[in-house]
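First comes the structure, then the notes that go with it.
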Amino acid sequence: MATQEHGGKASADPAFADAEPSAISAESRCSLGQNDSQTEPKSKIAPGHEKVWEGEEQASQFVRPAVYGFFAPGFSAWRKEYMVFMARVTFMVILLMWATLPAFWGALADAPKLTGKLTTWFVDRDNSRVGHALWDGISNSSGGGPSLGWVAVDPSMAGTNDDIAAAIVGESAWMAVVVEANATSRLAFARENGDRSYDPTSAVTVYYAQARHEVAVGSYLLPIAQSTLKSVMTGWATSAAQRYFAQISPGSTVNATALQMLSVAPQTISPAIDYRMVNLRPYTTPAALAVTLVGNIFLIIFAFFTVMAHNHARIAIAPRLDLWSYCGVRIAVPLIMYLPLSLSFTLISLAFHLPFGGKYSFGTGFIVAWAYTYLGMMALGLSLESMITILRANFVPFFLFPLIVFNVAPVLLPDELQNPLFMYGQGFPVPNLSQAMRTIFFNTQHDPGRNAGVLFGWILLSTATLVLFTILMHRREQRALVIHHH
């Protein structure tokens with residue numbers, strides 16, 4: 001009779017998408033240490049039947065199903081059902097692979113062919129032999145291999161070296177190669193007068209910002225730029241040395257004074273000219289990769305843990321809550337949980353000395369990083385919370401994996417080194433969270449306000465879909481109950 005009363009109550013209470021009312025009530029009472037006889041009124045149980053029911057329950061606990069070997073004929077029906085289920089799962093996982101992994105592979109595949117999109121300025125303040133020779137060599141240096149997007153910029157338009165540095169930090173270009181004023185005349189003077197203080201690296205200055213994207217800079221920008229500059233400079237220095245020796249040794253005579261000056265300042269012959277690297281935004285802390293890339297995967301997984309735990313915990317309360325209270329619980333509880341979780345995540349970064357003082361003061365930077373981590377957890381966690389409503393716990397991992405892949409793929413390399421298709425990342429949580437963290441740690445030129453706006457947009461979208469899916473599934477359950485009673 002207790003079972004009958006529970007069934008009647010289920011028809012009055014909301015039956016939610018992720019909780020079957022009758023099963024929920026039984027499981028919730030067990031989890032709270034109760035049984036039907038404790039929960040329902042004694043008057044509903046026929047006198048004298050308490051012991052009979054208790055005896056039947058005790059007897060049922062000792063009934064064991066027949067046991068078979070896996071390949072026994074009597075086990076064939078269960079074996080078939082089991083194998084069909086696992087075959088379906090295998091097929092679904094294969095589909096998931098082909099639907100998601102090409103995005104991850106594709107995010108890396110085109111980079112060597114797209115290095116020409118890495119804009120590199122060439123500013124010739126010398127406007128003489130050195131500057132002209134370097135630009136001619138760079139212009140003809142592609143040779144079919146990876147090359148940068150070299151652009152000659154008028155010195156009057158480029159401004160001072162400080163202006164150029166600000167433009168690189170502001171992401172107007174990836175790198176700037178500046179041939180300093182009077183590079184040719186200073187080399188000639190040092191060579192002719194034996195100037196020991198002459199520094200070949202004073203001829204050219206190279207500006208770049210490593211923290212803009214350390215992978216792109218370390219794997220593509222610097223190797224290509226250094227290889228090109230070394231090749232061009234070595235070629236020019238060799239030809240310049242040949243011309244100078246021919247000049248000081250006409251016919252069979254030798255200018256002993258000139259040779260003596262070369263012995264005093266040999267660097268004026270080799271390397272003659274070189275470049276000086278200026279890293280405007282050094283990637284000083286390799287551990288930051290845990291926050292700007294890999295750590296975002298962990299953040300999604302931690303959010304997934306809370307979603308699964310919350311889904312199970314709601315079993316005990318779902319049948320007793322009205323619809324809007326239930327929706328409120330589904331939204332408010334995760335938001336409260338994400339506060340200590342995001343704080344803990346940020347404290348781990350603090351323990352490994354991540355540079356929270358890159359853009360703000362150290363304390364302010366820590367608070368801002370915590371706030372962005374919290375926004376990121378909300379954006380990602382609420383999307384999972386929404387989808388578990390319609391996918392159920394069994395199938396929500398099939399949403400989790402695409403969520404990880406399609407969020408992480410655009411972060412692997414900058415937009416310039418990826419297919420334009422990956423521009424979608426500008427509207428996804430993880431790329432925006434990664435950009436915000438780079439700004440906090442290394443003072444790169446991103447827009448934290450826009451990043452926060454994207455995260456808030458995802459939070460609002462996930463909240464709206466969570467409520468919508470809950471209402472739709474609730475109505476479906478209510479219709480099913482009405483049909484069942486008729």
* Selected residue (only one of G144, G137 is part of a loop (DSSP other than H, G, I, E, B) and small (G, A, S)) -> G144
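Here's the yes/no breakdown for (1) under 21 Å from E171 (Cβ atoms); (2) at pLDDT 95 or above; (3) in a helix (DSSP H, G or I); (4) not hydroxyl-bearing (S, T, Y):
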| residue | (1), (2), (3), (4) |
| --- | --- |
| T364 | no, yes, yes, no |
| A371 | no, yes, yes, yes |
| Y374 | no, yes, yes, no |
| N394 | no, no, yes, yes |
| F406 | no, yes, yes, yes |
| V430 | yes, yes, yes, yes |
| G453 | yes, yes, yes, yes |
* Structure fact -> Counting only helices (runs of 4 or more DSSP H) wholly inside the range 18-112, the ones holding at least 1 residues that are at pLDDT below 75 and surrounded by 12 or more Cβ atoms within 10 Å (Cβ to Cβ) are 21-31, 36-39, 50-61
* To do: Go through the range 348-362 and count every residue that is assigned to a helix (DSSP H, G or I) and either over 19 Å from the mean Cα position of the chain (by Cα) or basic (K, R) (or both).
  => 3
* Taking Y326, is it of a type outside the set (V, I, T) and touching a Pro at 6+ places or on another chain (Cβ under 9 Å)? -> yes
* To do: Can you tell me which residue within the range 113-134, out of those that are farther than 30 Å from A272 by Cβ and part of a helix (DSSP H, G or I), is modelled with the highest pLDDT?
  => K117
* Structure fact -> Picking from A211, A183, the residue that is under 15 Å from P271 (Cα atoms), touching a residue at least 60 places away in the same chain (Cβ under 8 Å) and in contact with a helix residue (DSSP H, G or I) (Cβ under 6 Å, 6 or more places away or on another chain) would be A183
* Structure fact -> Within the range 112-141, residues hydroxyl-bearing (S, T, Y) and closer than 15 Å to L222 by Cα come out as T115, T119, T120
* Structure fact -> When restricted to F401, F456, F469, F406, the only residue loosely packed, with under 14 Cβ neighbours inside 10 Å and on the phi < 0 side of the Ramachandran plot is F456
* Asked: G235 passes all but one of (1) modelled with pLDDT under 95; (2) surrounded by 23 or more Cβ atoms within 10 Å (Cβ to Cβ); which number fails?
  -> (2)
* Asked: Of these, A309, A332, A288, A313, which one is under 28 Å from L347 (Cβ atoms) and in contact with a Phe, Trp or Tyr (Cβ under 8 Å, 6 or more places away or on another chain)?
  -> A288
* Kindly provide the set of residues from the range 93-115 that are in contact with a Phe, Trp or Tyr (Cβ under 7 Å, 6 or more places away or on another chain) and farther than 30 Å from I224 by Cα, ordered by number. => L96, T100
* Looking at S349, is it out of contact with any strand residue (DSSP E or B) (no Cβ under 7 Å at 6 or more places or on another chain), closer than 19 Å to L375 by Cα, among the polar types (S, T, N, Q) and surrounded by fewer than 19 Cβ atoms within 10 Å (Cβ to Cβ)? -> no
* Out of the residues in the range 192-212 that are farther than 26 Å from T160 by Cβ and of a type outside the set (D, E), which is surrounded by the fewest Cβ atoms within 10 Å (Cβ to Cβ)? -> R196
* Look through the range 162-174, keep the residues that are of a type in the set (A, V, I, L, M, F, W, C) and out of contact with any helix residue (DSSP H, G or I) (no Cβ under 6 Å at 6 or more places or on another chain), and return whichever of them is nearest to V278 (Cα to Cα). => A165
* First in the range 423-452 and basic (K, R), second anywhere and surrounded by fewer than 22 Cβ atoms within 10 Å (Cβ to Cβ) and at pLDDT 95 or above, Cβ under 7 Å, 6 or more apart -> none
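The values are calculated or read from the model by the stated rules, or taken from the named source; none is laboratory data. Keep in mind that what you see is a predicted model, and the values were worked out from it rather than measured. Here Cβ is always computed from backbone atoms with ideal geometry, including for glycine, and neighbour counts include all displayed protein chains.
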